1. Give me the number: length gained by fully extending E325 to Q191, i.e. 0.36 nm times residue separation minus the C-alpha to C-alpha distance, one decimal in nm.
2. What's the angle, to the nearest 10 degrees (0 to 90), between helix 157-185's Cα axis and the longest principal axis of the chain?
3. Using a simple spin-label model with points 7 Å from Cα along the Cα→Cβ vector, what separation in nm is obtained for A305 and K317?
4. Running a GNM on the chain with Cα contacts under 10 Å, which residue among G287, G96, G272 ends up with the highest mean-square fluctuation?
5. By the scheme Lys and Arg +1, Asp and Glu -1, what is the net charge of all other residues having a beta-carbon under 10 Å from that of W67?
6. Given a 1.4 Å probe and heavy atoms of the protein chains only, how would you sort K321, K168, K229, largest accessible area at the top?
7. Largest first, how would E17, E235, E265, E169 line up by accessible area (1.4 Å probe)?
8. Give me, ordered by chain and number, the residues 5 or more places off R268 or on other chains with an amide H under 5 Å from its own placed amide H.
Amino acid sequence: MTTAPAAGAANETAPAELVAGFDAVVAADSRIEPRDWMPDAYRSTLIRQIAQHAHSEIIGMQPEANWITRAPSLRRKAILIAKVQDEAGHGLYLYGAAETLGVGRDDMLDKLHSGRQRYSSIFNYPTLTWADVGAIGWLVDGAAITNQVPLCRCSYGPYARAMVRVCKEESFHQRQGYELLHTLSHGTKEQHAMAQDAVDRWWWPSLMMFGPPDDESAHSAQSMAWRIKRHSNDELRQRFVDICVPQAEALGLRLPDPDLRWNEERERWDFGAIDWEEFHQVLRGNGPCNEQRLTQRRTAHEEGAWVRDAAAAYAAKHQAKSGQEAMAV
Ligand code: FAQ
């Protein structure tokens, strides 16, 4: 295909053959690659979603990192450090994927820090006890996998390929959370109560991770037509509930929803109403930890300036040296 215009360039008047070529690649379930022509709106939708996803990964390090120094054993501490480090890696793959669309990392971080780009609502809740680390692994990583496995077939190549590796790692994260909760649930009475309390607090926010209901989802229809998203928000939410109910039973924990019932006709679990007002409040910046998360992120960025400067100086020195060597050959 032909070379892409600069990001954001108006291309509403693009020649019909470019549009037809793009449509044919999407319809054939093939991949659009960075140098291919694509509609401006497709590009900006991807930048919005991938940047939001990348931001979620790095902000998502905070609630769990809160427990690294207090993990109950060396084994648990090593696992948690590895997991938090994985989330940083996911952020890097995703920022890299977004950069292929012509947007700079500094620009994305600037938009995160100034509230012009979002991160997932889920990371605005506090981790009050050690069991929250298990609930995040089981429920938050579980929801993330349910949402992200279909993204491995997203029509944009770099995003789809990043998702393959991310999903493998998330699946390990989910299992460690499940195992942690299983241990607590089958431990002392106090440990069981702590696990139940964590599940009580994380269940509903996890269901909100899938986004607003389909009839209020501004972007779903277009994103599905472009095969960025493969399933609607409600479809994935339902899939997640169906996976979690038997797992909760195996864990010996209760999901905090009195309306949870098996529906013979649908062969799916019916579940209670989600408090969408709470979701909108969190998106507006009024969740329990929004301010804390962004303040900590901005501080980390400012305090890390010397690392970025040192890396840039090293890269420039290295480049100058390899330039001199090339001249000498
Ligand atoms: N939080 O029209 P839709 C993880 C916004 S990674 C905040 O339905 P769309 C790993 C949405 O941006 C978790 N905002 O939007 C981990 C839009 O805003 P706008 C992150 C939300 O894009 C685990 C508006 O609402 N995963 O957890 C949320 O078609 C453990 C209308 O919504 C991803 O980002 C929300 N929950 O569907 C890390 C996956 N939901 O621009 C550490 C990729 C919606 O109109 C520890 N993203 N909004 O102002 C997606 O699949 C999609 O973007 C959705 C939303 C499904 C999240």
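The values are calculated or read from the model by the stated rules, or taken from the named source; none is laboratory data. All values reported here derive from a predicted model rather than from experimental measurement. Note that each Cβ is placed from the backbone with ideal geometry, even for glycine, and that neighbours are counted across all protein chains shown. Heavy atoms of the whole protein, side chains included, go into the accessibility calculation; ligands, DNA and RNA do not. Shrake-Rupley method; radii C 1.70, N 1.55, O 1.52, S 1.80 Å.
1. Net length gain for the segment: 42.0 nm.
2. Here the helix axis deviates by roughly 20 degrees.
3. 2.1
4. Maximum among the listed residues: G272.
5. Value of the local net charge: +1.
6. Sorted descending by solvent-accessible area, the residues read K168, K321, K229.
7. The residues order as E265, E17, E235, E169, largest area first.
8. Distant-sequence amide H within range of R268: N263.
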